[in-house]
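As structure tokens, the structure follows; a few thoughts come after it.
Read-outs: derived from the displayed coordinates by stated rules, not from any lab. Every value quoted in this text rests on a predicted model; they were computed, and no experiment measured them. Heads up, the Cβs are rebuilt from the backbone with ideal geometry, glycines too, and the neighbour counts pull from every protein chain shown.
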Amino acid sequence: MLIKTREANNVVIFDIEGEIRRSESMQTTLHNQVKSHLDRGRRNVLLNLEGVEFIDSFGVGEILASYISTQNLGGKLKLCRISKKLLLIFQITMLTKVLDIQEDCECALESFEKA
Amino acid sequence: MANGRLEKFLNRFADVRGHEVHAALYLSGFLFLITFSFSIVKPVKESFLIGLVNPAWWPYADLATALLIGFVVALNARLLNRLPRRTYISVTILIFIGCLLVFWYAFDVYLKSLVSTPVTDSSGGIFFVWIPLAIIKTWPVCVFVFCFWSDVFIAMSVTQFWIAVNDVFDPYQGKRLVGLFVTGGLFGGIAGSSLAALMVIARLISAENLLLVCPIILLLALIMVNLIYREQQHLREAGEVEVNPVQAGARVGYWESFLSVKRSRYLLLLAATLASAMVAGSLINFQFKFAVLKIFPNAGDRTFFLAVFFLGILVISAVFHLAATGRILRSFGIRWALLVAPVLLLAGSLSVFLVSAGALLAWASLIRGGDKLFDNTISQSLRELLYIPVPADIKYKAKIFIDMFVNKFATGLGAGLYWGLYRLSGFAYKDEVVKVREIGILVVVFLGLWIVLTRAVYAEYPAVLKKDIRRKWDEGDNIVRANVDVDLTRDVFDALQSRERSTTLYLMNVFDLVRKNNLTPELKEVLGIKQDELRARSMDCLFDVGGEVLFHDLDEAIADKDLASEIDLIFLLPSYQEIMVKRLAADAGSASEVDRMDAAKLIGLMVRSPETLRFLERFLQDPSPEVVAYALRSAAVHRRAEHVPLILRQLGNPLTALEAQGTLTDYGPGVEDQLKSVLGDESEALEVRRAIPAVLARFGTQRSADILLDELARRRDDVEQELINALYKIRADRPAVRFREKQVRPELLDMIEKSYAICLSASGLAAGGGEAAGPAAEAKVALDLNVRRIFDLMTLLHPPEDIVKAYQNILKGTRKSGDYSLSLLDDLLDRELKALLFPLIENLPLEERALRMKKAMRLK
């Protein structure tokens, strides 16, 4: 898994490539990376999952932990460009009730501004 | 005087901020001039009423005011709606000036009896003859008209002042600045009364001629009002202040004012409290009048005494206000400060039954003086504080109704009661002391009512305050818990992942879903499972112990609903256990990660035995985090104490930490002591220690809370955030858990001190500019995190919902909700904590914040 970070419109964007799974993760996990940005005062986080083919239970745990940490500080965490297959699983497991999933990054960035 | 020095000077009286200096000064100047003029009008009115009118007629003045004030309020509302605010106040001041000249003329005519015979001529001189005649013939109507007018003048002037305050400042600014305004008013009163007393004593001027001083003072007030609104207009044009929406859109009718009070229980109670206080005050005034009349039958002496009396009260009020009002409010809070006036007056009023005739004037002066003293100082400030939670638009309407109508109506009611007493009980023939005592019974009743209503108002106060403070966001874990079955989600993703890696693992994960009755048709479709296949393959797999499939026919006999229980039964078979242990032995030594994952998962399904536990121990130390994750879940099933150290070690690995936390949570509070010892052991890995508080928070027991607090008391910065998060979580989820103040408070104060250090360094960095901008921004972030921790700790001592709402609104709310939140904290927290916390959370310039912090630390 490869995570690149950039900023746009006061939003920290994580462009993730590969599979978010335990065996693919490094010692600095996605949640740790999100937390370090929160510790620096950032409050809006966007996970761009365009390059993500698969997520395991560890990956879901990381996304939920990132969501909880951001939400608890009054911030917003959103997802974008998620594959149709993953979206279906997210819907069945009700993750879509919690996670704000946008079709593309531009819409997601706009939705941060509106909020 | 330069702005900075002026600000420093004004800060002696109230919390005035740099940008507020001019407006605050003009407004307190305006109130100074208003009270200056009615401090002159008042003794003239009282003197004429007492000396020139029979005591039986005294109440008519107040009754007339009570009956007619409604019309004045309606007229006032019309003017207010139709004229621009600046014009409205200017026009009414000019009308008051005209009225003063007319009354001076009337009193002058009567007292000097200038006209004894009307002279008629054709040039219109008859007007100048009949008018004086009418004044003399209809006497004392003129005195009643003057009394009514002076009541209107005082009520309207004060209401106009607060309207102007409302136009210029928001409610929270008003609350901060009320001390300065009250000071201005008191000094105005002192100046007016002093002037009146000095002029009379020096026989420079007669009582009625004092009225000629007032127009000059009111002209100065007119200039002051125009300065206030001109400055506001300039600031608005420069875009430095927003247009006050209340001022811009306000259309206040008499009826709307009445309805706004009627619709709110809180405002009704507030109006009733004020009314009971005014009735009591009105009756106390009648007691005072009897005492004054008895001692001073001469009008000149009486006017002098009254002028000196009111002056004395104002001087004492000013001293009391500067020395005690703030202290009483800070020390007792609104709750008890509200009781100071009615309780002391009640005690004083009850003493009337012990007072002798000789001490009557001293007693009456003390009670009347006390009533005025409280009214001028603490009651004034408290009234403004009690209006804070009322939305600005409603407050605006309600204030007009309460301050003008209810106030005067209650005074009239007091007069009505006195009138009834006078008419019904042969009052006129009684001794003065008896009269004062009989009125005293009514006073005691209304003071009692005042106390009861005060308690009722305070009971409503926090609820009204909180109504407009809503959560800006919910806790993330609560949202997740309410919407997502986290265990199911984990099982689904595990099943999906394992499908590509191992059939055995896949089916074991599917069985987890079956066992928990979670295998919905939608999920089956996603997992690609067909009903028959599930049954058949599960059995194939379960008995696939080395490639050989046993009991082929069983799959047809087992229905889905029985599947889980049948499998459980099979797992219990000794022969099966024996075979599986062999399989575990083979997999444990396998180089294949998938084989070891299969085995680690399988242990959770097996009966506990020394062999399985030994294998579990081995898998808990496996180099593959995937294997460890499955082993941790199996460990949660068997829950053996000897595995706890291995599980704790996994807390240090970010790839398995969440699983390890879950496993320890499943172990339950029995492992609290082991967690405590690792948490306090600095030789343990930091990540392990940091993960432990979350586990203790999930236990949520009293013991867990005590462990966390003990650890917090050791003041280790490296785990502080996690400890506070966990304590907050326990407080939010387990209301039954108790936190001792003597343990929490030192930590809270320590956290505030740390925040002060950060803030003071940030203000130093900001002053450095340029290169220091980066570190200053970092300090700001660190300060924000610390403030969050302070609020989290405060939830342990105060209602968590209130503290969280206050924090969120101060951080992200509107200006109004932020102000309400500060008021809520003002009500919730004790004096020391408020003094230390407010400089941190109030919206202040850095330099000002630093100054306040240094002051607060000195006080501490």
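Which lysines, if any, have their Cα less than 24 Å from the Cα of B:Lys524, not counting same-chain residues under 8 positions apart? Once the sequence-local lysines are set aside, what remains near B:Lys524 is A:Lys84, A:Lys85, A:Lys97, B:Lys516, B:Lys561, B:Lys601. For B:Leu227 and B:Arg703, FRET efficiency with R0 = 51 Å and r from the beta-carbon atoms, rounded to 0.05? Efficiency for this residue pair is about 0.20.
All other residues whose Cβ lies under 12 angstrom from that of B:Gly670 are scored, Lys and Arg at +1 and Asp and Glu at -1, for a net of 0. Axis angle, to the nearest 10 degrees, between helix B:531-542 and the longest C-alpha principal axis of chain B: 60 degrees. Of all the Cα-Cα pairs you can form in the stretch B:19-467, what percent are over 33 Å apart? Across the stretch B:19-467, Cα pairs with separations above 33 Å total 35 percent. Distance between the pseudo-spin-label points of A:Asp104 and B:Leu111 (7 Å out from Cα toward the beta carbon): 8.8 nm. With Rh defined as the Kirkwood radius, the inverse of the mean 1/r over Cα pairs, the Rg/Rh of chain B is 1.19. Against chain B, whose longest principal axis is taken from its Cα atoms, helix B:800-812 shows a tilt of about 80°. Cα to Cα, under 17 Å, and not fewer than 8 places away if on the same chain: which aspartates and glutamates meet these conditions relative to B:Lys45? Partners found: B:Asp62, B:Asp108, B:Asp151, B:Glu208, B:Asp301. Computed extension length for B:Lys854-B:Leu220: 224.2 nm, one decimal, from 0.36 nm per residue of separation with the Cα-Cα distance subtracted. Note on the protein assembly as shown: Kirkwood radius taken over Cα pairs, Stokes-Einstein applied at 25 °C and 0.890 mPa s, translational D equal to 72 µm² s⁻¹. With the Kirkwood sum run over all distinct C-alpha pairs, the stretch B:739-860 has a hydrodynamic radius of 14.8 Å. Other residues lying with their Cβ under 9 Å from the Cβ of B:Gly281 contribute a combined charge of 0, Lys and Arg counting +1, Asp and Glu -1. Positive contributions from Lys and Arg (+1) and negative ones from Asp and Glu (-1), summed over other residues with Cβ under 11 Å from the Cβ of B:Ser498, come out at -4.
In summary, the lysines within cross-link reach of B:Lys742, defined as a Cα separation below 22 angstrom excluding same-chain residues under 8 places away, comprise B:Lys676, B:Lys729, B:Lys754, B:Lys834, B:Lys860. Once the Cα-Cα distance is subtracted from the 0.36 nm per residue extended length, the B:Ala459 to B:Asp784 segment shows a gain of 113.7 nm. Overall, chain B carries a charge dipole of about 5100 debye about its Cα centre when +1 sits on the Cβ of Lys and Arg and -1 on the Cβ of Asp and Glu, all other atoms neutral.
Ranking B:Cys214, B:Leu25, B:Leu488 by how far each Cα lies toward the positive end of the dipole of chain B (charges on Cβ) leaves B:Cys214 at the top.
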